[in-house]
Amino acid sequence: MADYFTEEHSADAVIARLSNCDDPRFKQIMEAAIRHLHDFVKDVEPTMAEWQQAIGFLTAIGQMCDDKRQEWILASDTLGVSMLVETINHRATDGRTEATVLGPFHVEGAETLPMGADICRDGKGEPCVVSGTVRDFDGAPVEGAVLDVWQTNGEGFYDVQQPGDTYEMNMRGKFVTGADGRYWFRTVKPVSYPVPVDGPVGGMLGKMGRHAFRPAHLHFIVSHPKHETVVTHIFVDGDPYLESDAVFGVKESLIVPFVANDDTARAEKHGVSAPFWTADFDFTLASSPT
Ligand code: BEZ
Ligand code: FE
């Protein structure tokens, strides 16, 4: 008798069609995707109208994407999938700086700035000095480490979210460490901000009864030819959203005290006006596999 489709063996019927697939990894991924998808449908037993709604939701996510907006990444982030992939790929707990999500707002090609430069070009926000040292596992300073830094302005917007309304490459810059491994730059104190909610993912969050906020943070990609690149953030200690980050990106080791200062002599030395904030964070890089 022919092997027609049945509810009981639905996944097997589809997986059997992969017998000519000659890419073993692709085959493994597709088999798992089919099995989980069929299990999901059997678990939920959607009505025809609900399935239509699901297709409409996935279509709307794709239609929202362009070179400036990545609604699929946002869906993956807000469902905790980005952080799961990230965590599986960075399991080592050997003292290296922990990684977290890249997010959709990194822009290639930020300018390399002199150490101590101010990345805030729109003057919005509370002045802040961020500094620290990049080290290797032996505690030795890493010379030539590149810190690619980006954050929102004091109003909680990335420059790419306010085209025409802000300075190009506002709140972005690269810094290269010298022999002492030290880095420092001026910026504004990060603020908590909502992930974009004007698309289908925002609708999903609302319907789930979830807020869309990320706790205040500053993004870093720290790289060096002889070390593994780390994509991470530092988070502002005390932020009310640390325990409910909309994208699940917080790790305790990345929470940093931002200290208020009103010492005018110190402010002058750093080229900021008092009162200002300081934050200190050291990075530990793992060696690249040889
Ligand atoms: C961000 O921190 O830039 C971000 C990360 C994930 C989703 C949205 C924004
Ligand atoms: Fe961010």
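The values are calculated or read from the model by the stated rules, or taken from the named source; none is laboratory data. Everything quoted here is computed from the prediction, not taken from an experiment. For neighbour counting, all protein chains shown are included, and Cβ atoms are generated from backbone atoms with ideal geometry for every residue, glycine included.
Structural remarks
- Screening the candidates G156, G132, G139, G123 for the property of being in contact (Cβ under 8 Å) with a residue 24 or more places away in the chain, among the small types (G, A, S) and either in contact with a helix residue (DSSP H, G or I) (Cβ under 8 Å, 6 or more places away or on another chain) or away from ligand 2 (no atom under 14 Å from the Cβ) (or both) yields one hit, G132.
- Scope segment 218-249; condition in a loop (DSSP other than H, G, I, E, B), more than 12 Å from ligand 2 (Cβ to nearest atom) and either touching a helix residue (DSSP H, G or I) at 6+ places or on another chain (Cβ under 7 Å) or aliphatic (A, V, I, L, M) (or both); matching residues: F248
- Members of segment 160-190 found to be among the acidic types (D, E) and in contact (Cβ under 8 Å) with a residue 24 or more places away in the chain, listed by number: D180
- Residue match in segment 38-45 (condition: acidic (D, E), touching a residue at least 24 places away in the same chain (Cβ under 8 Å) and closer than 25 Å to P104 by Cβ): no
- Any hit, segment 29-37, residues being away from ligand 1 (no atom under 16 Å from the Cβ) and of a type in the set (K, R): yes
- Residue check for V222: crowded, with 21+ Cβ neighbours inside 10 Å and either within 21 Å of R91 (Cβ to Cβ) or of a type in the set (A, V, I, L, M) (or both): yes
- Residue check: P114 meets all listed conditions (1) under 30 Å from V129 (Cβ atoms); (2) outside any loop (DSSP other than H, G, I, E, B); (3) out of contact with any Leu (no Cβ under 9 Å at 6 or more places or on another chain) but one, namely (2).
- Positions within segment 88-103 being out of contact with any Lys or Arg (no Cβ under 8 Å at 6 or more places or on another chain), surrounded by 18 or more Cβ atoms within 10 Å (Cβ to Cβ) and among the β-branched types (V, I, T), in sequence order: T97, V101
- In segment 72-89, the residues that are in contact (Cβ under 8 Å) with a residue 12 or more places away in the chain reach residues that are away from ligand 1 (no atom under 11 Å from the Cβ) and part of a helix (DSSP H, G or I) with C-beta atoms within less than 7 angstrom, at least six apart or across chains, in these pairs: A75/I61; T78/L205.
- Screening V81 against (1) modelled with pLDDT of 95 or more; (2) farther than 23 Å from D245 by Cα leaves a single unmet condition, (2).
- For segment 86-107, a residue qualifies if it is over 10 Å from the mean Cα position of the chain (by Cα), within 16 Å of ligand 1 (Cβ to nearest atom) and part of a loop (DSSP other than H, G, I, E, B), and the qualifying residues are E98, V107.
- Residues being more than 18 Å from the chain's Cα centre (by Cα), under 30 Å from I15 (Cβ atoms), away from ligand 2 (no atom under 16 Å from the Cβ) and not aliphatic (A, V, I, L, M) are represented in segment 59-79 by at least one member.
- All positions within segment 40-75 that are among the hydrophobic types (A, V, I, L, M, F, W, C) and exposed (fewer than 11 other Cβ atoms within 10 Å of the Cβ): F40, M48, A49, I55
- Hey, S82 in contact with an Asp or Glu (Cβ under 8 Å, 6 or more places away or on another chain), polar (S, T, N, Q) and outside any loop (DSSP other than H, G, I, E, B) or not: no
- Tally of residues being of a type outside the set (G, A, S) and either within 22 Å of F283 (Cα to Cα) or touching a Gly at 6+ places or on another chain (Cβ under 6 Å) (or both) across segment 181-200: 11
- Selection from segment 255-265 of residues that are in contact (Cβ under 8 Å) with a residue 24 or more places away in the chain and surrounded by fewer than 20 Cβ atoms within 10 Å (Cβ to Cβ): V256
- Cβ pairs under 7 Å, 6+ apart, first in segment 1-24 and polar (S, T, N, Q), second part of a helix (DSSP H, G or I): S10/H38
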